[in-house]
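The structure appears below as structure tokens.
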Amino acid sequence: MRSNCSAREIPAVAFAAPAGTPAGVEVMSLTELRRRVREQSLNRPQRPDFHHLLALTAGDLRHVVDFNGYALRPGSWLWVRPGQVHQWGDLNEAEGTLILFQQDVLDPATAASARVDDPHAPVVITPADADVEAVTMAAEHLSREFQSLGQLPLDVHLAALRHLLAVLLLRLAHLTVPAGGPAPEPDETYLRFRDALERHFTTTRRVEDYAQLLSCSGRTLTRATLAGAGLSAKEFIDRRVVLEAKRLLAHGDETAAQISDRLGFATPSQFSKYFTQRTGRAPIDFRNEVRGLTWPRRLLAE
């Protein structure tokens, strides 16, 4: 892992394979992570451009992902996707297997089936009791293959890693349930709304516009969103816009006025009022809090 940032920005961390190992995939224990990476680097927020997949095997761990705190227990899997801001909690009492991988190491069909680029996928997932062994074996097989560098030609070794990673990700996507238990399968209207929101949240925040785009009523859209996400359509839109605003405020040095324009607000004051009403903090106060690291420490302590 290699970071690139100013002293105040949340660092963007690029994937950097250890010398002599195949690019695109890396497997290590949390003990190895602690040995290789300075504690102060782990204790601050970072934004990787690759996937972090962690299977916790012992101890407890608190982790912050996209401004939300999560508590992991043995048997939990944490999945941080590229672009998400995350911060490690105290690793001294935790053990597990960390799998780092770039998305392009998978073929497109596998990536789609494993939902690796789903921005709405749960951060913490847990295998159902009947499937724990299958998921654990897939992770162990991947780890052993990674440690077996030199037993096969390098290109064959990388191909084996890709296939084993695919098996693990497909099992995690289809044999696990999000924290809090399984949710009903979302209907087509909700799924289409999610996709439309990802494409258009910087141009409109009106439920009516999305309903018209999807050829349904606003009431139908709200019912579908309540069933699929437990939120009204308006709240679902607002949360997506606020998340993007938080990311932009945290990641770089664009002014609030520039972020306002990027997110489609008519004026900076409109953006400031919108953000403050939904977060309880003005945009500049949120940025200062994140840069001062008081935000993650609070969440990690909860």
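The values are calculated or read from the model by the stated rules, or taken from the named source; none is laboratory data. Computed from a prediction, not measured in an experiment: that's the story for all the values here. Every residue, glycine as well, gets a Cβ built from its backbone with ideal geometry; the counts of neighbours run over all protein chains shown.
Here Thr31 meets each of (1) of a type outside the set (Lys, Arg); (2) in contact (Cβ under 8 Å) with a residue 40 or more places away in the chain; (3) within 22 Å of Pro122 (Cα to Cα) with one exception, condition (3). Give me the pairs: first residue in region 88-110 and more than 22 Å from Val13 (Cα to Cα), second residue surrounded by fewer than 17 Cβ atoms within 10 Å (Cβ to Cβ) and of a type in the set (Gly, Ala, Ser), beta-carbon distance under 8 Å, and six or more apart or on different chains, which are they? From region 88-110, the pairs are Glu93/Gly59; Ala94/Ala58; Ala94/Gly59; Glu95/Ser29; Glu95/Ala58; Glu95/Gly59.
The residues of region 249-263 that are at pLDDT 90 or above, in a loop (DSSP other than H, G, I, E, B) and more than 22 Å from the chain's Cα centre (by Cα) amount to a single one, Thr255. Residue count for region 256-281, restricted to those that are free of Cβ contacts under 8 Å to residues at least 24 places away in the same chain and farther than 17 Å from Ile237 by Cβ: 10.
Do you know which residues across region 55-68 are surrounded by fewer than 18 Cβ atoms within 10 Å (Cβ to Cβ) and either within 12 Å of the chain's Cα centre (by Cα) or not assigned by TED's automatic domain parsing to the domain that holds Asp118 (or both)?
Residues satisfying the conditions are Asp66, Asn68.
Of all residues in region 201-239, those satisfying the criterion of being touching a helix residue (DSSP H, G or I) at 6+ places or on another chain (Cβ under 8 Å), of a type in the set (Gly, Ala, Ser) and either in a loop (DSSP other than H, G, I, E, B) or loosely packed, with under 14 Cβ neighbours inside 10 Å (or both) are Ser217, Ser232. Could we say that Leu299 is modelled with pLDDT under 95, assigned to a helix (DSSP H, G or I) and either in contact with a Phe, Trp or Tyr (Cβ under 8 Å, 6 or more places away or on another chain) or crowded, with 16+ Cβ neighbours inside 10 Å (or both) here? The answer is yes for Leu299. Can you find even one residue in region 79-102 that is out of contact with any Gly (no Cβ under 7 Å at 6 or more places or on another chain), in the same structural domain as Gly24 (by TED's automatic domain parsing), closer than 28 Å to Glu244 by Cβ and of a type in the set (Phe, Trp, Tyr)? Checking region 79-102: at least one residue is out of contact with any Gly (no Cβ under 7 Å at 6 or more places or on another chain), in the same structural domain as Gly24 (by TED's automatic domain parsing), closer than 28 Å to Glu244 by Cβ and of a type in the set (Phe, Trp, Tyr).
Taking region 59-68, which residues are in contact with a strand residue (DSSP E or B) (Cβ under 7 Å, 6 or more places away or on another chain) and closer than 14 Å to Lys246 by Cβ? Residues satisfying the conditions are Val64, Val65. Regarding Glu198, is this residue part of a helix (DSSP H, G or I), at pLDDT below 95, among the acidic types (Asp, Glu) and surrounded by fewer than 18 Cβ atoms within 10 Å (Cβ to Cβ)? Yes; evaluated as a whole, the condition is true for this residue.
Candidates Leu33, Leu56: the one that is touching a strand residue (DSSP E or B) at 6+ places or on another chain (Cβ under 9 Å), outside any strand (DSSP E or B) and either at pLDDT below 85 or not polar (S, T, N, Q) (or both) is Leu33.
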